[in-house]
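Q: Got a structure for you, questions after.
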Amino acid sequence: MTTLRIAHLYPREMNIYGDTGNLVVLLKRLEWRGLTAEAVAVGVGDTLPADVDIVLGGGGQDAAQGDIGEDFVTRSADLRSMADDGVVMLAICGAYQLLGREFRTQTGRVIRGAGVLDIETQGSATRLIGNHAVDSEWGQLVGYENHSGLTRLGDGVRALATTASGRGNNGEDSTEGAVRDNVFGTYLHGPLLAKSPVFADELLRRAFERRAGQVLEPLDDALELQAAAVAAKRPRT
Amino acid sequence: MPALPVITGKLAFGALRIMGRSGNALPGLIVERVFPRYFAKALSRLPHGVIVVSGTNGKTTTTKMIATMLAKKHRVVTNDTGSNFVRGAIGALVQQSSWGGRLDGDVAVFELDEAHAVKFVEKYAPQHVLLLNVSRDQLDRFGEIDYTASLLAKVAKAATASVTLNSDDERLAALAGELQVPVHWFALSEPMQQLFPTDEELYDEVETQPVREGADAVLQQYDAASGHTVIDFAGDVRQLTLRTTGAHNAQNATAAAVATMRVGLSVDEVCAGLEEVEPAFGRGQSYRIAGRDVTMHLVKNPAGFRQSLQAGLAESPDRACIIINDADADGRDMSWLWDVQFDALREAGIPVTTGGVRAADMAVRLKYSGVDVGSAVSELESVVDAAVQATPAGGRLTVFASYTAMWGLYRHLDAQHEGAL
Ligand SMILES: [Zn+2]
């Protein structure tokens, strides 16, 4: 039986909106199927284990993001080769931005990203905030967005989902999140995987696919889907 | 004498009463609009000044504690109706004034949330400010904790006589250097610090720090079962028994004591007052319903939920019920439920049900903590009624409710209450 190894980036600094819940969801969905996983917390300066199957990153305070950003960039080469190698990554909000090419703050300062995703983010004065449900290839993704950075997609990625205008990556082009290979970035907190069980299993399926392969038995997701249905109907703000 | 504003406000209160309504906000709003200077003028006449209490958690209980202690010596003006707005405060002033406009008070204590506290101090610079803590709360409204802390910095800077700060809250402690008035501290002993993980420490170890030297009061010990509390007042160590529940309220008592001493109360007076404070509604207050004890704990953000869970489980309930709404006052974003760990609830091994608009979100959160709640019903009253019925006769049901859920249940529980416990 294959044990998945999940690296959790900056759990202390980058967990402002319960994004650690994504890790909890993945671990439990494995445990319920009698499968095992090992979670490795990666803090500033820690070595990123090479043989990981899944990398998770969450959102943080704007102030914390500066320090994290510097540490993140030192990992650029590692993260890029892992992405090329098919490692599954889920990056939320701040971590999504840091996986991109660069982040330009409102004052014009340019923070370099890891360059894993072909996206660029511009700091802005408006905040996109509210309940958010979008349609993706892997069913409805349901969460809560809260960000002032506006992200534009380059040619090297496609959108994770389409959305109504005024929401998503930049509020203008009706895109939400970005995908390349097995790397997924999105602004959806919530935590995303708690109310998006089909997508959660898609991440696990892709992780196993790189290994020996493992059939994922279906789980009873009635509660998760009920929570998603309720959330999708709630007022945005 | 500012008689006219008071008469106007009182007439508004009278009109509301005729319409069968209550609340401080509307009369306060009318007076605020028509007599913009009434507020500052009335407050400036209070001989012992004004204490503003703000922070993320514990404002209501702390304000109640301060008002109770002060009432032993002074006539106290306070906004204890839960309408923590400037207009609520104005409403309270009007109600406590004579028709001739004379304010019947010596000192005022107001609970204000971060944003309203800023508006308040722009209208009147209070003598004393007490800041309790700053943690994740309604991030969908304020955006970020660092921004919330910047609001509290503005409030602290407005104080004209003293600021009392939480020594164990990193963001608040950092304000001390920016203040011109004397700073006073309440603190936790190192063992007590273990009970208060920060949001950052949630999935990590709690880092204790040396107790601040020169703190005015240090909470040394608290026993959840008996309420036995030990507070060290700069070397004068006192033992007291609190009726409020939870370690967080023992910390609030320590904060309230330090703030109250700024207006001249002695350690004796402070301790005697603290022992009299009953839990506020939704802060561990109990009802007797159908032969069961029903205790209600407000949960409105991760730190508050962690503390309420600790306090609620210390009451050894036979069953628990968690009711979560998502109106503005609760927070629209449910992410915060994942910043609370429910292992203690699982370990308690008691049956749990969920209710409220976001019953399913809460049920999912519990499911991933190994607590099986079965189905999730988006109702308030029927869910609590069913939980009461399912609790063994003579047993205890502990209800954790978000802000609007708590107030939504208020009349329903009150109506069924079987008199004094
Ligand atoms: Zn975000």
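Q: For the pair A:Arg104 and B:Asp414, how long in nm is the line joining their label points, each one 7 Å along Cα→Cβ?
A: Here the answer is 5.7 nm between the modelled labels.
Q: Further question: Would you list, by chain and number, the aspartates and glutamates whose Cα falls below 12 Å from the Cα of B:Lys154, excluding same-chain residues fewer than 8 positions away?
A: B:Glu114, B:Glu122, B:Glu178
Q: On alpha carbon coordinates alone, what is the Rg over Rh value for the stretch B:17-163, Rh being the Kirkwood radius?
A: 0.96
Q: Where does each of B:265-273, A:208-216, A:177-185 land if you order them by average Cβ count within 10 Å, highest first?
A: A:177-185, B:265-273, A:208-216
Q: Related question: Under the rule of at least 5 residues apart or a separate chain, name every residue whose amide H is placed under 5 Å from the amide H of A:Leu188.
A: Here A:Cys93 satisfy the definition.
Q: In chain B, what percentage of the DSSP-assigned beta bridges are antiparallel, given to the nearest 5?
A: Around 30 percent of the beta bridges assigned by DSSP in chain B are antiparallel ones.
Q: While we're on this one: Suppose a student asked you for the relative contact order of chain B, using Cα pairs under 8 Å spaced at least 6 residues apart; what percent would you report?
A: Relative contact order of chain B: 13 percent.
Q: A further question follows. Over chain B, with the other protein chains present, what is the accessible area per residue in square angstrom, probe 1.4 angstrom?
A: Here the per-residue accessible area is 37 Å².
Q: While we're looking at this one, here's another question. What residues qualify as long-range amide H neighbours of A:Arg104, i.e. H under 5 Å apart, gap of 5 or more or another chain, H built at 1.01 Å from N?
A: Amide H neighbours of A:Arg104: A:Ile111, A:Thr121, A:Gln122, A:Gly123.
Q: With each pseudo-label sitting 7 Å past Cα toward Cβ, what's the A:Arg80-B:Ala224 distance in nm, one decimal?
A: 5.1
Q: Considering only DSSP beta bridges where both residues belong to the protein assembly as shown, give the percentage that are antiparallel (nearest 5).
A: DSSP beta bridges in the protein assembly as shown are roughly 45 percent antiparallel.
Q: Quick one: work out Rg over Rh on the C-alpha atoms of the stretch A:3-232, Rh as Kirkwood radius.
A: 0.94
Q: Would you be so kind as to identify which of B:Pro182, B:Tyr368, B:Leu16 lies farthest towards the positive end of the dipole of chain B, taking Lys and Arg as +1 and Asp and Glu as -1 on Cβ and the Cα centre as origin?
A: Among B:Pro182, B:Tyr368, B:Leu16, the one farthest towards the positive end of the dipole of chain B is B:Leu16.
Q: Given Cα positions, please report Rg to Rh for chain B, the hydrodynamic radius being the Kirkwood one.
A: Result: Rg/Rh = 0.96.
Q: List, by residue number, every residue in the stretch A:10-25 with a reduction of 40 Å² or greater in accessible area between the chain on its own and the complete protein assembly, 1.4 Å probe.
A: Buried on complex formation: A:Arg12, A:Asn15, A:Ile16, A:Tyr17, A:Val24.
Q: Separate question: Sum -39500 (n - 2.57) across every DSSP H segment of at least 4 residues in chain B, then divide by the residue count to get the 222 nm mean residue ellipticity, nearest 500.
A: Counting only the DSSP helices, I get -11500 deg cm²/dmol.
Q: Here's another thing I want to ask about it. Run the quick spin-label model on B:Val206 and A:Ala41: label points 7 Å from Cα toward the beta carbon, then report their separation in nm to one decimal.
A: About 1.5 nm separates the two model spin labels.
Q: Projecting each Cα onto the charge dipole of the protein assembly as shown (Lys/Arg +1, Asp/Glu -1 at the beta carbon, about the Cα centre), which of A:Gly154, A:Gly69, B:Ser335 comes out farthest on the positive side?
A: B:Ser335
Q: Sticking with this structure for a sec: Quick one: with all protein chains in place, what share of the accessible area of the stretch A:3-232 is carbon or sulfur, to the nearest percent (1.4 Å probe)?
A: Taking all protein chains in place, the stretch A:3-232 shows 48 percent carbon and sulfur surface.
Q: Let me ask something else about it. Roughly how much accessible area, to the nearest 100 Å², goes out of reach of solvent when A and B pair up, both sides summed, probe 1.4 Å?
A: By this definition, chains A and B bury close to 3000 Å².
Q: Can you list the lysines whose alpha carbon is less than 17 Å from that of B:Lys300, not counting same-chain residues fewer than 8 positions off?
A: B:Lys59
Q: Skipping prolines and chain starts, which residues have an amide H placed within reach, meaning under 5 Å, of the one on B:Gln285, given they are 5 or more residues away or on another chain?
A: B:Met296
Q: Using a 1.4 Å probe over the heavy atoms of the protein chains, calculate the carbon and sulfur portion of the accessible area of chain B as a whole percent.
A: 50
The values are calculated or read from the model by the stated rules, or taken from the named source; none is laboratory data. In this text the structure is predicted, and so the values were computed from the model without any measurement. Every residue, glycine as well, gets a Cβ built from its backbone with ideal geometry; the counts of neighbours run over all protein chains shown. Ligands, DNA and RNA are stripped out before the accessible areas are found, and what is left, the full protein with its side chains, is counted by its heavy atoms. Shrake-Rupley method; radii C 1.70, N 1.55, O 1.52, S 1.80 Å.
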